[in-house]
1. Is it the case that the range 195-206 has a residue that's among the polar types (S, T, N, Q), surrounded by fewer than 14 Cβ atoms within 10 Å (Cβ to Cβ) and closer than 26 Å to E103 by Cα?
2. Exactly one of (1) of a type in the set (D, E, K, R); (2) over 24 Å from D286 (Cα atoms); (3) free of Cβ contacts under 8 Å to residues at least 12 places away in the same chain is unmet by E261. Its number?
3. From R231, R238, R280, which residue is of a type in the set (D, E, K, R), outside any helix (DSSP H, G or I) and under 21 Å from the mean Cα position of the chain (by Cα)?
4. From the list S302, S346, which residue is at pLDDT 95 or above and among the hydroxyl-bearing types (S, T, Y)?
5. Going by what's in this entry, would A225 be described as free of Cβ contacts under 8 Å to residues at least 60 places away in the same chain and part of a helix (DSSP H, G or I)?
6. Has the range 133-145 got at least one residue that is part of a loop (DSSP other than H, G, I, E, B) and either at pLDDT below 90 or closer than 27 Å to L71 by Cα (or both)?
7. Can you pull out every residue in the range 118-132 that is modelled with pLDDT under 85 and not charged (D, E, K, R)?
Amino acid sequence: MTGPQRWVLVALAGLLAGCSPLYVLQAAYGEAKILWRREPFAAVLARDDLDPDWRRKIVLVEEVRAFATDLGLDVGGSFGSLSYVDAEDTVFVVTAAKRTALEPYVWWFPIVGHLPYKGFFDRERAKQEAGRIEAEGYDTLVRPAAAFSTLGWFDDPLLRHLLESDDVFLVDLVLHETYHRTFFLKGAGASVFNESVASFVGHRGALEFFATRGGDATLLREAEARWADARRFATFMRGLVARLEALYAGTDTAHILVAREAVFAEARAEFEALPFEGKRYTGFTDRRLDNALVLHYRMYASELDVFEQLWQDAGGLRPALDRIEAAAKTAPEAPLAAVRAALQTSGEPTPP
């Protein structure tokens with residue numbers, strides 16, 4: 001999402017369990033194309049006709065991999081090769097939610113259990129899945145994903161279209177996806193934690209990365225602005241979720257369906273008044289606001305200020321991650337609550 005999707009591994013594992021054979025075949029074929037069409041960075045860099053900007057960005061990714069290794073992340077062979085996939089939008093993710101509750105529709109897969117999303121390598125198949133679920137009375141969302149992680153089962157390559165991204169986004173993405181390979185809790189209850197903490201690692205890691213590189217003051221400032229925007233958006237989302245949860249606590253379904261539109265309209269106006277420094281979140285109001293969209297954005301923007309406070313308290317990203325991971329392991333079904341409790345026991349004030 002920047003974001004990233006474990007379902008690729010899940011689909012392949014479905015060969016051993018009860019997933020739809022057609023789904024497994026399309027996912028396996030899509031992943032196989034990505035793996036077959038990859039080339040090690042060393043071979044790419046050896047080309048005399050390589051675009052100079054591509055060369056610079058591949059070297060940048062190699063530097064980020066080294067930084068991630070020093071940070072204690074499980075880099076392995078991930079982002080050590082380039083995949084020549086055809087389309088920019090390679091991966092499409094389906095999410096859904098009840099219309100009268102912030103409760104996600106969940107799919108069950110072998111190995112990782114329940115997840116609140118399902119991915120496809122084909123847009124039309126994703127739309128068909130969304131249509132099926134929408135017919136059952138759910139809000140649905142189909143969105144492209146910039147990248148994904150197979151959690152270390154494969155050495156995930158850098159997709160070619162990502163070389164068109166700016167430096168800050170590229171560093172953020174590599175760190176985000178590498179963290180998924182390093183630490184990942186199973187189950188639908190852990191999905192928000194997995195994505196939100198990876199968002200924290202991507203943003204805060206990018207700040208530390210650019211801070212250690214001489215001559216990158218402009219990029220450091222851009223990384224700071226994007227992290228500030230992410231936290232600003234997370235605060236906005238926390239308020240919107242609280243208002244929706246209060247509304248959904250009622251029992252009059254007809255009233256809820258009408259009243260939620262007023263909540264969404266107020267949220268749209270509030271969002272448009274926020275002083276964002278960049279354009280990352282402009283897509284929030286490009287679509288119709290509903291519960292599926294809210295849950296999608298909440299997945300990547302929960303407790304970011306808690307993670308930031310732990311970073312300040314711990315004095316660095318690695319010690320902060322040690323505390324976050326230790327707390328999350330104590331309550332894998334409610335890891336965000338456990339991390340928040342860990343901050344309270346540290347004596348630091350908990351963000352509201």
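1. No, every residue in the range 195-206 fails to be among the polar types (S, T, N, Q), surrounded by fewer than 14 Cβ atoms within 10 Å (Cβ to Cβ) and closer than 26 Å to E103 by Cα.
2. Of everything listed in (1) of a type in the set (D, E, K, R); (2) over 24 Å from D286 (Cα atoms); (3) free of Cβ contacts under 8 Å to residues at least 12 places away in the same chain, E261 misses just condition (2).
3. R280
4. On inspection, the qualifying residue turns out to be S302.
5. The answer is yes for A225.
6. no
7. G119, F120, F121, listed by residue number.
To keep it simple, each residue is scored yes or no on (1) at pLDDT 95 or above; (2) within 29 Å of F67 (Cβ to Cβ).
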residue: R232; (1), (2): yes, yes
residue: A249; (1), (2): yes, no
residue: A265; (1), (2): yes, no
residue: F276; (1), (2): yes, yes
residue: K279; (1), (2): no, yes
residue: T282; (1), (2): no, no
residue: V294; (1), (2): yes, no
residue: V306; (1), (2): yes, yes
residue: L317; (1), (2): yes, yes
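The values are calculated or read from the model by the stated rules, or taken from the named source; none is laboratory data. Remember, it's a predicted structure, so these values are computed and weren't measured experimentally. A quick note on method: Cβ atoms are made from the backbone with ideal geometry, for glycine too, and the neighbour counts reach across all protein chains shown.
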